[in-house]
Amino acid sequence: MSVEDVFSLRQGRVVMLAGRIERGRVRCGDEVEIVGLGGGATAHVAGIEEGRAPVDEAIAGMNVGVLLRDIAADAVARGQVLAAPGSIAAHTAFTADLTLWSEEQGGADVVSGDRLRFHTRAAAVWGIVVLPHGIEVVRPLHGGEVTVTLEEPVALEHGRQFAFRHHSRAAGSGTVTRLPR
């Protein structure tokens with residue numbers, strides 16, 4: 001589940017993480033891990049709410065609030081991922097196929113060393129793009145394989161799609177093709 005919002009409840013004793021379940025299921029009592037953006041803590045699910053009504057389990061496609069005990073509200077942030085322990089890892093580098101939009105849509109030339117804002121799930125992180133040897137620039141309406149180094153670790157998987165901004169404008173999209181081992 002991608003964490004889209006964080007709420008502190010019951011005088012800070014319980015934290016509710018709101019978001020959409022991407023795959024699998026979660027039940028009350030399950031152990032979960034908070035991944036990405038400085039996460040790494042684990043907790044047990046104290047409750048699940050869908051539309052303010054308590055439910056025993058949530059499955060893929062449901063928008064829910066997951067209640068966690070013994071986690072500080074400032075230890076969880078929008079953009080992190082709530083997952084089964086060990087099922088997904090956070091990365092700061094990856095290789096991707098990048099596609100730039102037209103100039104009218106916001107696309108602009110991208111060169112090695114450009115600092116772009118990458119958006120995946122609810123996370124938005126700055127990253128540096130490096131083009132392959134021999135390629136000097138990627139122009140609007142073109143694409144290519146690039147290596148990205150992010151400033152913060154984000155939960156990523158092979159095939160994960162993302163969008164990016166360049167010069168404060170939506171500029172293109174891409175797909176993660178390789179992750180470091």
| request: Report the normalised scattering of the range 1-86 as log10 I(q)/I(0) at q = 0.26 Å⁻¹, calculated by the Debye formula with identical scatterers on the alpha carbons. | output: -1.52
| All other residues with a Cβ under 14 Å from the Cβ of GLY172 taken together, and with Lys, Arg as +1 and Asp, Glu as -1, what is their net charge? | -2
| field | Residue-normalised accessible area of the range 24-90, given per residue in Å² at a 1.4 Å probe | value | 51 Å²
| task | Just the number, please: carbon plus sulfur as a percent of the accessible area of the chain, 1.4 Å probe, no ligands or DNA/RNA counted. | result | 48 percent
| request: Whole Å is fine, so just give me how far the alpha carbon centre of the range 53-81 lies from that of the range 131-159. | output: 31 Å
| Local electrostatic count, GLY79, Cβ distance below 11 Å [Lys/Arg +1, Asp/Glu -1] | -1
| remark: Dividing the alpha-carbon radius of gyration of the range 92-181 by 2.2 N^0.38 Å, where N counts its residues, gives 0.97
| remark: Once Lys and Arg are counted +1 and Asp and Glu -1 for all other residues with Cβ under 9 Å from that of GLU4, the total becomes +2
| note | The ratio Rg/Rh over the Cα atoms of the chain, Rh being the Kirkwood inverse mean 1/r radius, stands at 1.05
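The values are calculated or read from the model by the stated rules, or taken from the named source; none is laboratory data. Fair warning: this is a prediction, and the values are worked out from it, not measured in the lab. Using ideal geometry, Cβ is built from the backbone for each residue, glycine included, and neighbour counts are taken over all protein chains shown. For the accessible areas, the whole protein counts, side chains as well, though only heavy atoms, and no ligand, DNA or RNA atoms are used. Shrake-Rupley method; radii C 1.70, N 1.55, O 1.52, S 1.80 Å.
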